[in-house]
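Asks: My questions will all concern the structure given below.
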Amino acid sequence: MAADASGTMLMRGALARLRRATGLPVAFGGLVEPGQRRVRLSELSGAATFALRGLAVTSGNGLGGKTLALSRPCAVTDYSLSRQISHEYDAAVAEEGLRSVVAVPVVVRRRVRGVLYGALRTAQPLGDRTLGAAVDAARDLEQALVVQEQAHDLLAAARPRDTPPGVPGPVPGWEQVREAHAALRALAPRITDPALREELLTACGLLTTGVPDGGVTLAPRELDVLSCVASGATNAVAAARLGLRPETVKGYLRSAMRKLGAHTRGEAVAAARRKGLLP
């Protein structure tokens, strides 16, 4: 999946989560254009018109531009009357009928990557709970963008430039890929958005060494535990990473070893790698 398409999908999911968490009827947003200090509003959720779609919000201008410039959440109770912002985008905001608006930056590695907005069509203060939920939605998107970038970087680093995609086998940087696979498997169960979780697990699949052997199937949690073990984690460390009890980790590990015909942890990891279940 291309990076821009993935970013669009992640933004769409973040807006849906923002509306659910805040109860705000309208949400919209976009990512910072490469090499520019402006956000292109690409995604709308709950909008009645297309007035905001494609709008380029420049740093410092309007509510979103203020958020982009200051790298912090900003809100107004009545957009068109606010003296706290400039008013370059009043026409589009008025056409959509928006009054109370909050804008939250999406910050990745100390750089603003996008802005999420939530809005009401009435002029009333947005409470701390609403603002906090909007910030949480932005944090979720930040985490997703970091994971996406790491997956792309690791895939690029793990294979020589002359190696076609899909060709298995250890290459320079493969230990780093194995560590990333374990980290992503541990992260996936904590992702609440189903689409994002599925994308994460798909990325894990791309990091494996080959086509899985149809003769052995490990349950998701068995594979999670084995991935941690393969990275050198003890049962206690694996339990902490996965949010499980140590005894539960032991149970999953024993089950995986039985399916793989292994007698030790090391044998289980080696067998899983031979079968293309682990990188």
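Asks: Hey, does the stretch 112-134 have a residue that's of a type outside the set (A, V, I, L, M), closer than 20 Å to Ser59 by Cβ and touching a Leu at 6+ places or on another chain (Cβ under 7 Å)?
Replies: Initial filter on the stretch 112-134 (of a type outside the set (A, V, I, L, M)): 113-114, 117-118, 121-122, 124-125, 127-130, 132.
Filter once more, so that each one left must be closer than 20 Å to Ser59 by Cβ: 113-114, 117.
Filter again for touching a Leu at 6+ places or on another chain (Cβ under 7 Å), leaving 113-114.
Yes, the conditions are met somewhere in the stretch 112-134.
Asks: Going by what's in this entry, would Ala158 be described as among the small types (Gly, Ala, Ser), modelled with pLDDT under 80 and surrounded by 14 or more Cβ atoms within 10 Å (Cβ to Cβ)?
Replies: On the way: among the small types (Gly, Ala, Ser): yes; modelled with pLDDT under 80: yes; surrounded by 14 or more Cβ atoms within 10 Å (Cβ to Cβ): yes.
Judged against the criteria, Ala158 is a match.
Asks: Could you check, for the stretch 43-56, whether at least one of its residues is at pLDDT 95 or above, among the β-branched types (Val, Ile, Thr) and crowded, with 21+ Cβ neighbours inside 10 Å?
Replies: No - not one qualifying residue is present in the stretch 43-56.
Asks: Leu10 - would you say it is closer than 18 Å to Val107 by Cβ, buried (at least 22 other Cβ atoms within 10 Å of the Cβ) and in contact with a helix residue (DSSP H, G or I) (Cβ under 6 Å, 6 or more places away or on another chain)? First the steps, then the outcome.
Replies: Values: closer than 18 Å to Val107 by Cβ: yes; buried (at least 22 other Cβ atoms within 10 Å of the Cβ): yes; in contact with a helix residue (DSSP H, G or I) (Cβ under 6 Å, 6 or more places away or on another chain): yes.
Yes: the conditions hold for Leu10.
Asks: Hey, among Val93, Val106, Val101, which residue is among the hydrophobic types (A, V, I, L, M, F, W, C), crowded, with 19+ Cβ neighbours inside 10 Å, at pLDDT 95 or above and closer than 30 Å to Ala183 by Cβ? Steps first, please.
Replies: On the way: Val93 fails: closer than 30 Å to Ala183 by Cβ; Val101 fails: closer than 30 Å to Ala183 by Cβ.
Answer to the selection: Val106.
Asks: If you go through the stretch 1-10 one residue at a time, do you hit one that is closer than 28 Å to Arg197 by Cα, free of Cβ contacts under 8 Å to residues at least 60 places away in the same chain and among the small types (Gly, Ala, Ser)?
Replies: Yes, because at least one residue in the stretch 1-10 is closer than 28 Å to Arg197 by Cα, free of Cβ contacts under 8 Å to residues at least 60 places away in the same chain and among the small types (Gly, Ala, Ser).
Asks: Might you check whether a residue that is in a loop (DSSP other than H, G, I, E, B), among the aromatic types (Phe, Trp, Tyr), within 17 Å of Leu68 (Cα to Cα) and in the same structural domain as Ala16 (by TED's automatic domain parsing) occurs anywhere in the stretch 103-126?
Replies: Taking the stretch 103-126 as the starting set, the residues that turn out to be in a loop (DSSP other than H, G, I, E, B) are 109-110, 120-126.
The next check asks that each one be among the aromatic types (Phe, Trp, Tyr); those that pass are none.
Within the stretch 103-126, none of the residues are in a loop (DSSP other than H, G, I, E, B), among the aromatic types (Phe, Trp, Tyr), within 17 Å of Leu68 (Cα to Cα) and in the same structural domain as Ala16 (by TED's automatic domain parsing).
Asks: Would you mention how many residues in the stretch 93-102 are in a loop (DSSP other than H, G, I, E, B), small (Gly, Ala, Ser) and closer than 16 Å to Gly64 by Cβ?
Replies: Going through the stretch 93-102, the residues in a loop (DSSP other than H, G, I, E, B) turn out to be 97-100.
Okay, now just the ones that are also small (Gly, Ala, Ser), so 97, 100.
With closer than 16 Å to Gly64 by Cβ added as a condition, the list becomes 100.
Selection size over the stretch 93-102: 1.
Asks: I'm trying to understand the selection: among the residues of the stretch 74-89, which are of a type in the set (Ser, Thr, Tyr) and either closer than 20 Å to Ala134 by Cβ or assigned to a loop (DSSP other than H, G, I, E, B) (or both)?
Replies: Of the stretch 74-89, the ones of a type in the set (Ser, Thr, Tyr) are 77, 79-80, 82, 86, 89.
Within the stretch 74-89, Thr77, Tyr79, Ser82, Ser86, Tyr89 meet the criteria.
Asks: Step by step: first the residues of the stretch 112-145, then only those that are charged (D, E, K, R) and within 16 Å of the chain's Cα centre (by Cα), then the one that is farthest from Leu18 (Cα to Cα). Which residue is that?
Replies: Arg113
Asks: Consider only pairs whose beta carbons are under 7 Å apart and that are at least six residues apart or on different chains; among these, list those whose first residue lies in the stretch 217-228 and is of a type in the set (D, E, K, R) and whose second residue is surrounded by 20 or more Cβ atoms within 10 Å (Cβ to Cβ).
Replies: That search, which allows pairs on different chains as well, returns Arg221/Tyr252; Glu222/Tyr252; Glu222/Ala256; Asp224/Arg185; Asp224/Ala186; Asp224/Leu242.
Asks: Restricting the stretch 241-264 to residues that are free of Cβ contacts under 8 Å to residues at least 40 places away in the same chain, among the charged types (D, E, K, R) and assigned to a helix (DSSP H, G or I), which is nearest to Ala183 (Cα to Cα)? Show your work before the answer.
Replies: From the stretch 241-264, those free of Cβ contacts under 8 Å to residues at least 40 places away in the same chain are 244-258, 261-264; that's our starting set.
From what is left, the residues that are among the charged types (D, E, K, R) are 245, 247, 250, 254, 258.
Now narrow it down to the ones that are assigned to a helix (DSSP H, G or I): 247, 250, 254, 258.
Values: Glu247: 21, Lys250: 19, Arg254: 21, Arg258: 24 Å.
Among residues in the stretch 241-264 that are free of Cβ contacts under 8 Å to residues at least 40 places away in the same chain, among the charged types (D, E, K, R) and assigned to a helix (DSSP H, G or I), the one nearest to Ala183 (Cα to Cα) is Lys250.
Asks: Of the residues in the stretch 213-227, how many are at pLDDT below 90 and hydrophobic (A, V, I, L, M, F, W, C)?
Replies: Residues that pass the stated criteria total 1.
Asks: Taking the stretch 66-81 as the search range and keeping residues that are surrounded by fewer than 19 Cβ atoms within 10 Å (Cβ to Cβ) and of a type outside the set (D, E, K, R), which one is nearest to Phe50 (Cα to Cα)?
Replies: Ser80
Asks: While we're on this one: What's the total number of residues in the stretch 13-53 that are under 14 Å from Ala138 (Cβ atoms) and among the hydroxyl-bearing types (Ser, Thr, Tyr)?
Replies: Residues meeting the conditions: 1.
The values are calculated or read from the model by the stated rules, or taken from the named source; none is laboratory data. Just so it is clear, the model here is predicted, and its values are computed rather than measured. Here the Cβ is made from the backbone with ideal geometry for all residues, glycine too, and neighbour counts use every protein chain on show.
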